[in-house]
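Asks: Dumping the structure here so I can ask a few things about it.
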Amino acid sequence: MKLAFALVLGVLIALPAFGDCTTNQGAVVNASIGIDGTFGAQGPCLAGSPGQPGNLIGFAFALNSCMNAAVERVKVQFQIAQAGDQWHHYLWRDQGGLPNDACGLECGAATNLMITANGPTIQTYDWEESACPCELVNGERFYVGVIYANVTTPADWAVGRNNIPVGAGNGFRNTTGNHGAWVELSTVGFGNRFAVEAVIGPDCGLVPVDPSTWGAVKSIYQQ
C-alpha cells in the first residue's frame, strides 16, 4: 500500500459558530489536507488492539470540550470533495495524548456518511437526531475522527485547514489503518489549525438504545 499527502489550496470559508457552546480550532480556511493511496474501499472500524488492523486511514482532530455536557453536533469542512463521496466519523477520548481509537466513545460511531455537495462544503453529523445517545465529554480533550471510506489517488476528499503554523496538538493522521498508528501532523509539516467544530450542550436525551440502531445518520449541508 502506497500512501502520500495530498495538499491543495482552498477558498476562504469560515466555520459558523452556534449552539449551547461551540469548540473548534479557530481555522480560517485557506488550504486543505488529504491522504491518497491505493488501498481502495475501507469499511467501518474493526475492533482490535494497538497494532492490529482497524480500518482507520484518515485523521483525528483534537478539540477541548467547552462544558460538561454531551456532543450534540459535529461539523467538518471538506475543502475538496465530490457529492457522493463517503466518510466514517468517530468520537474518541484522549489517552496519553493520542486518540483512544476503540471504534468510538461508547456508541460514538457513524459510518458510510455521504458528502452531499461538491466542496468546499460543511457537513454536519447530528448526534441529537441519531439513534445513538450523544456522547458525554466532561471538560476533557477529545478527538473528531474523520476517516476515509475509500483510499484513492488523488485523495477522495480533503479537509479544510489554515496553513499558518501554530505548533503541535491539533491533528493526527493514520496512514496504515491500524489501531494506535497515529502520527502528530506537526511532525510531518502540518502544525496547523483544522476545520472541525463541535456543539456541546445538555439537550441530548441520554437514553440507551438497541445497538442495531447505532450510527443512524442525518447529514445536513450548510454553506
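Asks: Report, in debye and to the nearest 20, how large the dipole of segment 57-134 comes out about its Cα centre when Lys and Arg carry +1 and Asp and Glu carry -1 on their Cβ.
Replies: Computed charge dipole of segment 57-134: roughly 160 debye.
Asks: What FRET efficiency comes out for Gln52 versus Asn118 if R0 is 30 angstrom and r is the Cβ-Cβ distance? Round to the nearest 0.05.
Replies: Using R0 = 30 Å, I get an efficiency of 0.25.
Asks: Then there's this: First measure r as the distance between the Cβ atoms of Ile164 and Thr38, then evaluate 1/(1 + (r/R0)^6) with R0 = 30 Å and state the FRET efficiency to the nearest 0.05.
Replies: The computed FRET efficiency comes out at 0.40.
Asks: How big is segment 40-123 by the Kirkwood estimate over distinct Cα pairs, in Å?
Replies: 14.3 Å is the Kirkwood radius here.
Asks: At a 10 Å Cβ-Cβ cut-off, how would you order Cys107, Cys45, fewest neighbours first?
Replies: In order of increasing Cβ crowding within 10 Å: Cys107, Cys45.
Asks: At 10 °C and 1.306 mPa s, grab the translational diffusion coefficient of segment 58-210 from Stokes-Einstein with a Kirkwood Rh over Cα pairs, rounded to a whole number in µm² per second.
Replies: Answer from the Stokes-Einstein relation: 101 µm²/s.
Read-outs: derived from the displayed coordinates by stated rules, not from any lab. Worth saying up front: this structure is predicted, and the values here are computed from it rather than measured. Cβ sites come from the backbone with ideal geometry, for glycine too, and all protein chains shown count toward neighbours.
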